[in-house]
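Notes follow once the structure below has been shown.
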Amino acid sequence: MCVDSDGCEIEGCSSSDEVHTLSGTMSPGIKSSPDLHPCKPGHKFRAALLGCRTPAAAAGILSFGNVLNYMDRYTVAGVLLDIKQHFEVNDSNAGLLQTVFICSFMVAAPIFGYLGDRFNRKIILSCGIFFWATVTLSSSFITKEYYWAFVLSRGLVGIGESSYSSIAPTIIGDLFTNNTRTMMLSIFYFAIPLGSGLGYILGSSAKQAAGDWHWALRVSPLLGMTAGTLILLFVPEPKRGNVDQPGGRLKTRTSWTCDMKALAKNRSYVFSSLASAAVSFATGAFGMWIPLYLFRAQVVQKTEKPCNKELCSIKDSLIFGVITCVTGFLGVIIGAAATRLCRLKTQRADPLVCAISMLGSSIFICLIFVAAKNSIVGAYICIFIGETLLFLNWAITADILMYVVIPTRRATAVALQSFTSHILGDAGSPYLIGLISDAIRQRNSDSILWEFLSLGYALMLCPFVIVLGGMFFLATALFFLDDRDKAEKQLTPLMEDQSLIHTEEQRS
């Protein structure tokens, strides 16, 4: 029996080069043969295909898939006014769409994390993409009498997208190390704001072009199926932890129960997960309600008319979508550059950069609600700066996890962090903001001014949560070095020296 430094029994500790498959069977590693055979039909195509499976190409395809995940998620927010008009629902019921999506997403995340640490990851990713693409396309045909079915469809989409978010970062983590990994994860997580912004743009543009908001839900599924096919063909399945210990190989993995106990004791992981929940709370609420809030602000300023028809104005969704794309790009670039620069000064650079950006973001987000009363342009400027600072930490948070968690636990860690950030963050924030808005407006339900003010007062909860997230990142900085060193020490007993493996194979 083998035991790691957390006191976890290592399952099946042996030197055999066997791997799990999705069917649960064991496949021996492929050994080279001294015999040479002439090329058969299709071998050249297979060789060319394998030649395209480079780490850079894999990272690019996985990032493309992540863009589509978030684009599909926020397409609904881009046509939220039209959905409210079509199904005749209030703010709280409209916010339920995002809440149901996130609830199913977070419940499925630990399951996919368990599978991702044990089975073929790219097969799981592709199946997840094909599933959510099919459900999204089907939901575009739901009639107005069945709002409950539309809400249910968003829950099913959340299950499909959960598989991708839980597993894809771990493949990148097993393909790259150090600053290269930081850069690739930055590109991958740039897909979050880029995809979110494109979701608003796609939803608004497709509605405008077709004259029907249902077409907003019929574009991303086709792109999603394309991404799923590319993953199957061109993304390799790297050995877990191979780049962390180039001279060795992971013996095996610990049990799921011990993994969970070890993660619960990892203070950097716990605090960074709580900080991620604060970010998710704010981005979930803002992504759902800011375009509608700015539209109501313009109605109050009498630069727009209230929406009483089937097709509402798309201007604010388009502008907010473009801002989200640009700020996401700037946030990722600035975050990666700031972290690399600060690492020259302190080894705690990663959590400190996150903390400072969060605290700075809260100031500008507060100013949005001050500026929106008189100047929409001023509000957009505050959104631009606030979002840029908020998006600085997406990739850095993932990199913190890669440093403080050993490779055999990373998919589980990503999934658990996703679960935590969603259950404490955007699982409830869109619905909560809508509920508070409805409660404040209840006594003045017919007032256009109070329709605007009530939503603004509800959204004021977000900057306070962001400040709390900044405090959690400061707490992460206190324990980061200790937890990173502990992870490096834990990794060594879990690896076998490659020369010893060759010796054992020759003896056998």
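The values are calculated or read from the model by the stated rules, or taken from the named source; none is laboratory data. Note that the structure is predicted; figures quoted are calculated from it, not measured. Don't worry about glycine lacking a Cβ; one is built from the backbone with ideal geometry, like all the others, and counts go over all protein chains shown. Each accessible area value is taken on the protein alone, full model and side chains, heavy atoms only, with ligands, DNA and RNA left out. Shrake-Rupley method; radii C 1.70, N 1.55, O 1.52, S 1.80 Å.
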What does the charge dipole of segment 137-219 about its Cα centre add up to, to the nearest 20 debye, if the Cβ of each Lys and Arg holds +1 and the Cβ of each Asp and Glu holds -1?
100
Using θ = phi - 60° and Karplus 6.51 cos²θ - 1.76 cosθ + 1.60, couplings along segment 347-354 (whole Hz; Gly, Pro as x)
7, 9, 4, 4, x, 5, 4, 4
Determine the alpha carbon to alpha carbon distance for each of K144/K207; K239/K261; K122/K265; K84/K305; K239/K486; K265/K489 and list only those over 19 Å.
K239/K261; K122/K265; K239/K486
Which whole number of Å³ per residue matches the convex hull of the alpha-carbon atoms in segment 82-189?
113
Could you compute how much accessible surface I381 exposes when probed at 1.4 Å, giving the result in Å² to the nearest 10?
100
Could you provide, to the nearest whole Å², the per residue accessible area of segment 376-485 with probe 1.4 Å?
35
Return the sequence-ordered ³J(HN,Hα) values of segment 465-480 in whole Hz as given by the Karplus equation 6.51 cos²θ - 1.76 cosθ + 1.60 applied to θ = phi - 60°, using x for Gly and Pro.
5, 5, 4, 4, x, x, 5, 5, 5, 5, 5, 4, 4, 5, 10, 4
What does the extension gain come out to for K489 and I333, with contour length at 0.36 nm per residue minus their alpha carbon separation?
53.0 nm
Kindly identify segment 351-500 as rounded, prolate or oblate by the Cα gyration tensor criterion: order the square roots of the eigenvalues as a ≥ b ≥ c, call it rounded if a/c is under 1.5, otherwise compare a/b with b/c, prolate if a/b is larger, else oblate.
prolate
With labels modelled as points extended 7 Å from the Cα through the Cβ direction, what inter-label distance (nm, one decimal) is found for E237 paired with N90?
5.1
Step through the residues of segment 316-329 one at a time and calculate ³J(HN,Hα) from phi using the Karplus curve (6.51 cos²θ - 1.76 cosθ + 1.60, θ = phi - 60°), rounding each to whole Hz and writing x for Gly and Pro.
5, 5, 5, 5, 5, x, 5, 4, 4, 4, 5, 5, x, 4
If DNA, RNA and ligands are ignored and the probe is 1.4 Å, what is the ranking of F64, F176 by accessible area, most exposed first?
F64, F176
Please list 91-104, 382-395 highest first by mean number of surrounding beta-carbon atoms within 10 Å per residue.
382-395, 91-104
Go through L80, F105, S126 and say which Cα lies farthest out towards the positive end of the charge dipole of segment 47-164; charges sit on Cβ, +1 for Lys and Arg, -1 for Asp and Glu.
S126
Nitroxide proxy distance, nm - points 7 Å out along Cα→Cβ at T143 and L341:
6.0
Within segment 331-386, what whole-number % of the accessible surface is contributed by carbon and sulfur, with the 1.4 Å probe and all protein chains included in the calculation?
75
So what is Rg over Rh here for segment 86-129, counting just Cα atoms and using Kirkwood for Rh?
1.22
Taking 20 °C and 1.002 mPa s as the conditions, I'd like the Stokes-Einstein D for segment 376-446 in µm²/s, using the Kirkwood hydrodynamic radius from alpha carbon pairs.
138
Probe 1.4 Å, all chains present, heavy atoms only: F119 accessible area in Å², nearest 10, is 40
Centroid-to-centroid separation of segment 82-126 and segment 57-81 [C-alpha atoms, Å]
13
Sorted peptide list for 132-142, 211-221, criterion being average Cβ within 10 angstrom, highest first:
211-221, 132-142
Please give the length that would be gained between S255 and V377 if that part of the chain were fully extended, namely 0.36 nm times their separation in residues minus their C-alpha to C-alpha distance (nm, one decimal).
38.5 nm
Given unit charges at Cβ for Lys, Arg (+) and Asp, Glu (-), the dipole magnitude of segment 86-230 about its Cα centre in debye, nearest 20, is 320
May I ask you to list the residues of segment 131-155 whose amide nitrogen lies under 18 Å from a point 7 Å from Cα along the Cα→beta-carbon direction of D212?
136-147, 150
If unit charges are put on Cβ atoms (+1 for Lys and Arg, -1 for Asp and Glu) and the dipole of segment 395-467 is taken about its Cα centre, the option from V404, Q417, F464 lying farthest towards the positive end turns out to be V404
With charges set only on the Cβ (+1 for Lys and Arg, -1 for Asp and Glu), what does the dipole of segment 314-414 come to about its Cα centre, in debye to the nearest 20?
260
